[in-house]
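The values are calculated or read from the model by the stated rules, or taken from the named source; none is laboratory data. Keep in mind that this is a model prediction, so the values were computed, not measured. A quick note on method: Cβ atoms are made from the backbone with ideal geometry, for glycine too, and the neighbour counts reach across all protein chains shown.
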Amino acid sequence: MDPLPIQTIICFVCWSFWLFPVCASFGSRLLPDKPLSAGSTITSDDGTFTLGFFSPSSSGKKHYYIGIWYRNIPKDNVVWVANRAMPIADPSSATLAFTNGSKLALSDTNGQLLWMTNISAARNSSSEATGGEATLDNNGNFILRSSQGIILWQSFDYPTDTLLPGMNLRVTQNMHALQRLISWRSPQDPSPGSFSYGADPDEFRQCIIWKGSTPYRRSSVSNNNLVAGQYVESIKSTIYYTLQNIDDEVYISFGLPVPSVSLVLIKMDYSGKIKTRVWNSTMSKWTDLGSEPNQECNKFGYCGPFGYCDNTQAIVKCKCLDGFEPNNKQNWTAHRFSQGCHRTEALRCDEGDVFLNLPRMKVPDQFLHIKNRSLDECIAECTSNCSCTAYAYTNMSTKVINGDQTRCLLWIGDLIDTEKFNGEGENLYIRVNELSGTLYCFCSDSVSLLALVDIASILWVQWSSSNTPLSVIYNASTRLKLVQLKILN
């Protein structure tokens, strides 16, 4: 008996393995007269990405999907899935093909439509929408173009759980809906899971991990900087995070100065963590460069109203803001923090109130953003409202989105979801009664040099005896500087 051809042997191996059948490749293009079926794939020109049918399950009842994955990574390699909510039971009966118009459709032999590209009616009916091809680019973007080269649809506009370098995630909703990364249900099930990641619908300057419709983890508030960089020692490169305005919408993205340096992605994991991951080719596994939340204390609102998560200690834990104490000390001692804290002294809404500066903070949620204000104007906005409990101010020297060079944030009522960091964060000025257990020295800007020397001596004695950092706070109504002589408990 003649030996089987090598192509036949390879196909037998593919179909017996079932995970990623890669028996035939169409190059990087899908054409109208060549539908994609099980056992066929499309591969980007540089060989980084592959698109085709796959099953994430290695045992039991299998479901199949059209997806994009890293071609040379053996596991955890899927970055995009088309038919997340409509899996294929029998891949041999399904094809991905052009419709009579310009769309791509995934259907089975019974005529059931499992997935279709979403193209606007106006664009779909135009003369530019005829013919064309679909290509898998080297960056992992699957693009449907008309015969005139017009982009009709692209997978980057419909993310699943992964953000790739150069991929934009829309964080405003002026003309279009917000975009979110939505987790898989489990490692073997790419259907939409419980967790999603994207911008706060009410404030694009902060991103949120959602568990269903409930906030699960909130980021720090952005300063609107167009570009921020983070050098990563393990990959000997800088990851750049970008905020950009495109056609009246704001997008966030990230990338590397040299794309081929490392395979890096941001993933909304099924466990509820947003992870920045890099492929370690030496160890043949993904390494997490960052993962949030990494402590129970970091979860949204975990420490309750007027409580904060202190990340500066060896044991990360909840504390009450200065001038506050636990609402229920028994629960607080038992690490049940949801009831939060209350003031030790009530506010007076007159010159008896002062603003205590808390440095290196993640500012609370539910703020009011007041645009184009000076520092004095920002303070006055809070001082004039007896319900204003805190403010934060940033004067940004770099170019920012929407042209606003300042950022004045005000809080009315409870302060929720606050954290203290080691080497980052910003100043948060919280309103307290000046009698909240602290002695202050009132110093005007014109105070004499001799008086300043005397004050400095007092502060040095106080600091050296207590070894406690000092804070500077302001009385907004008198514009007198108050130097804290004794730290609040």
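Going through (1) out of contact with any Ser or Thr (no Cβ under 8 Å at 6 or more places or on another chain); (2) surrounded by 13 or more Cβ atoms within 10 Å (Cβ to Cβ); (3) not assigned by TED's automatic domain parsing to the domain that holds residue 382 one by one, residue 282 falls short only on (2).
Restricting attention to the range 337-375, the residues that are at pLDDT 95 or above, charged (D, E, K, R) and either farther than 17 Å from residue 323 by Cα or not assigned by TED's automatic domain parsing to the domain that holds residue 302 (or both) add up to 3. For the range 318-339, check the following and say yes or no: at least one residue is in contact with a Ser or Thr (Cβ under 7 Å, 6 or more places away or on another chain), of a type in the set (Gly, Ala, Ser) and closer than 21 Å to residue 412 by Cα. Yes: the range 318-339 contains one or more residues that are in contact with a Ser or Thr (Cβ under 7 Å, 6 or more places away or on another chain), of a type in the set (Gly, Ala, Ser) and closer than 21 Å to residue 412 by Cα. Of the residues making up the range 51-79, those that are assigned to a strand (DSSP E or B), under 17 Å from residue 279 (Cα atoms) and in contact (Cβ under 8 Å) with a residue 60 or more places away in the chain are 68, 70, 78, 79. Scanning the range 340-399 for residues that are touching a Gly at 6+ places or on another chain (Cβ under 6 Å) and of a type in the set (A, V, I, L, M, F, W, C) yields 341, 361. Note on the range 432-441: residues that are under 20 Å from residue 364 (Cβ atoms), modelled with pLDDT under 85 and assigned to a strand (DSSP E or B) amount to 0. If we keep just the residues of the range 239-273 that are charged (D, E, K, R) and in a strand (DSSP E or B), which is farthest from the chain's Cα centre (by Cα)? Only one residue fits best here, namely 249. Screening residue 50 against (1) touching a strand residue (DSSP E or B) at 6+ places or on another chain (Cβ under 7 Å); (2) at pLDDT below 80; (3) β-branched (Val, Ile, Thr) leaves a single unmet condition, (2). Scanning the range 388-431 for residues that are modelled with pLDDT under 85 and in a loop (DSSP other than H, G, I, E, B) yields 396, 397, 398, 399, 404, 405, 423, 424. Between 373, 360, the distinction of being within 32 Å of the chain's Cα centre (by Cα) and closer than 25 Å to residue 241 by Cβ belongs to 360 only.
Restricting attention to the range 127-136, the residues that are surrounded by 15 or more Cβ atoms within 10 Å (Cβ to Cβ) and either under 23 Å from residue 266 (Cβ atoms) or not charged (D, E, K, R) (or both) add up to 5.
Of all residue pairs spaced 6 or more apart or on separate chains, those with beta-carbon atoms under 7 Å, a first member in the range 197-223 that is free of Cβ contacts under 8 Å to residues at least 60 places away in the same chain and a second member that is among the basic types (Lys, Arg) and in a loop (DSSP other than H, G, I, E, B) are 198/180. Among the candidates 146, 155, the residue that is among the polar types (S, T, N, Q), in contact with a Leu (Cβ under 7 Å, 6 or more places away or on another chain) and touching a residue at least 40 places away in the same chain (Cβ under 8 Å) is uniquely 146.
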